[in-house]
Structure formats: structure tokens, C-alpha cells
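Note sheet for the following structure.
What follows draws every value from the coordinates through simple rules; no lab data is involved. Keep in mind that what you see is a predicted model, and the values were worked out from it rather than measured. Heads up, the Cβs are rebuilt from the backbone with ideal geometry, glycines too, and the neighbour counts pull from every protein chain shown.
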Amino acid sequence: MSTSTIKLYHFSVSSPSRGALLAARVIGVPVEIVIIDLMKKEQLNESFIKINPQHCIPTLDDNGFVIWESRAIACYLADKYGKDAIYPKDLQRRAVVNQRLYFDSSFLYPRIRAICYPIIFEGVTEIKDKLKDELNNSLDFLNQFLDGNKWVAGDHVTVADTAIIASLTSILEVGWDISNFSNIQRWLKDCASLPGYEENLEGAKSFGSIVKKNLKQ
Ligand SMILES: N[C@@H](CCC(=O)N[C@@H](CS)C(=O)NCC(=O)O)C(=O)O
């Protein structure tokens, strides 16, 4: 595998950023991590805006080819450097992986963000019941995807698992109760043996402690 220098602009508190890094770890492609400290607003530095005018992390620079959006990064790395199973070429198997990825990007992660962002940045100290219900509704669907499946898109770990792990561990480290979702609990036990899982968890713990600090106990 010729990789020269693949840089990942990253901040471990960010779930999407951890999702891209976890995909790289599971694929087994070496990346050089460049920290962009969002707390210090480093994403707005001129040097980073030149690389990504949208100034978001994660951003990947593969020897001059720049791409952002965590799930697009994961799919790119999997296609270029991964084994087939992590992002299958078979159209229907790939379509299921894509469905799970879009589920994460348009349902699961936005619902986690809707709970946590106002707590981190807007002085909110309590989680509204409506937001709790909406997130539990997405978790219920995830639990159904895992019914009879070892991984979220079937028999093999894919980039859908890595994206969803990064989203889910963030809210678990806030203390979310998943005792009603037995398939998710079983799947998380399997995820724990993936390369990069502990590294992801460390970032999720930092995220969780920031949220918990601001939450009314
Ligand atoms: N949909 C994007 C979300 C990326 C995103 O929102 N990144 C945030 C951190 S979680 C960020 O970089 N914020 C700084 C900014 O946009 O200026 C992805 O999955 O990569």
C-alpha cells in the first residue's frame, strides 16, 4: 500500500472527526494527524481556510487531494486503501452501507447534536423530552438494523459501523441509557475489539465530560 503522506485534520472531541479517524484505523491506512483545536478557533486560521474554505474538521489531504465530510472521507479511504468488505463494491451491499451512513448523517448524529450543541454552547442545562424521544426513536431503528446482523450493514464491519460508533459513543459518554436496546449493547461489545476503538472512546469521554459539566444534575 503506497500512502506517502495522508494528513487528517482532526479534533478528537468532534464525533465526525473521530468517525473519519476510526475508519482509517479499521481500514489500516496510516494517517498523519494534524490537530485543529476548535476551542481555540484554529479552523478559522488562514492556512486552514486555504485547505478547506468550509473550515470544518475532519478534512483529509491525500497527497494534495483534499476532501471533507467524515463519511465521504471514510468511503474514499475504504475505496482506495481498504479491503472490499469495509465498503463493498457489490451494488446492493454498498447501497445498504450507504443507507446506514445517510441514516447516521441525517437522523442519528443530528439528533445527538441537537441535544448536545445547545448544552455546550448556548447555556442549556436540561434535555427536553421531545429531543430525548427523537434520539430514542433513532436508536430504536439502529437496534432494528442490528436484529440478526452482527454489524450495522450485515456480516462484516463497514464504514457505516465506524461512523455510527463515533456518533453513538459521544452520547453514551454523556450517560445515555441504552438498556432498552439489546442489539446495540451486543454490537458495542463487538466494536470494542476494533482497531482505534479505545482512541475513539478517549475523545468521546472528553466530549461527554464537557456536556455533563453543563448539565443540571
Ligand atoms: N457533516 C460534517 C460535520 C463536520 C462538522 O460539523 N465539524 C465541526 C466539528 S463537529 C466543525 O468543524 N466545526 C467548526 C466549523 O465549522 O467552523 C462531517 O460529518 O464531517
Check your understanding: Counting only residues that are surrounded by 12 or more Cβ atoms within 10 Å (Cβ to Cβ) and touching a helix residue (DSSP H, G or I) at 6+ places or on another chain (Cβ under 7 Å), how many does region 122-140 have?
Key -> 7
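Here is a yes/no grid of residues against (1) touching a residue at least 24 places away in the same chain (Cβ under 8 Å); (2) farther than 30 Å from residue 215 by Cβ; (3) not charged (D, E, K, R):
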{"site": "28", "(1), (2), (3)": "yes, yes, yes"}
{"site": "31", "(1), (2), (3)": "yes, yes, yes"}
{"site": "37", "(1), (2), (3)": "yes, no, no"}
{"site": "44", "(1), (2), (3)": "no, no, yes"}
{"site": "87", "(1), (2), (3)": "yes, yes, yes"}
{"site": "94", "(1), (2), (3)": "no, yes, no"}
{"site": "110", "(1), (2), (3)": "no, no, yes"}
{"site": "116", "(1), (2), (3)": "yes, no, yes"}
Practice item. Tally the residues that are over 15 Å from residue 188 (Cα atoms) and aromatic (Phe, Trp, Tyr), restricting the search to region 130-171. Key: 1
Study note, to complete from the structure: Heads up, the strands (runs of 3 or more DSSP E) in region 1-75 (entirely inside) with at least 1 residues that are touching a Lys or Arg at 6+ places or on another chain (Cβ under 9 Å) and crowded, with 17+ Cβ neighbours inside 10 Å are 6-10, 59-62
Point to revise | Scan of region 112-121 for residues that are over 13 Å from the mean Cα position of the chain (by Cα) and surrounded by 18 or more Cβ atoms within 10 Å (Cβ to Cβ), ordered by number | key: 115, 116, 119
**Study point:** Matching entry among 6, 73 (being closer than 22 Å to residue 198 by Cβ, of a type outside the set (Phe, Trp, Tyr), in contact (Cβ under 8 Å) with a residue 24 or more places away in the chain and touching a helix residue (DSSP H, G or I) at 6+ places or on another chain (Cβ under 7 Å))
**Key:** 73
Point to revise | The one condition in (1) at positive phi; (2) assigned to a helix (DSSP H, G or I); (3) not hydrophobic (A, V, I, L, M, F, W, C) that residue 175 fails to fulfil | key: (2)
**Study point:** Qualifying position, being over 22 Å from residue 165 (Cβ atoms) and among the hydroxyl-bearing types (Ser, Thr, Tyr), among 47, 70
**Key:** 47
Practice item. Just need a number here: residues in region 190-217 that are within 15 Å of residue 113 (Cα to Cα) and not in a helix (DSSP H, G or I). Key: 1
Review point. Can you tell which of 51, 33 is within 25 Å of residue 206 (Cα to Cα) and either aromatic (Phe, Trp, Tyr) or more than 10 Å from the ligand (Cβ to nearest atom) (or both)?
Key: 33
Practice item. Return a yes/no flag: does region 47-66 have any residue that is within 23 Å of residue 193 (Cβ to Cβ) and among the hydrophobic types (A, V, I, L, M, F, W, C). Key: no
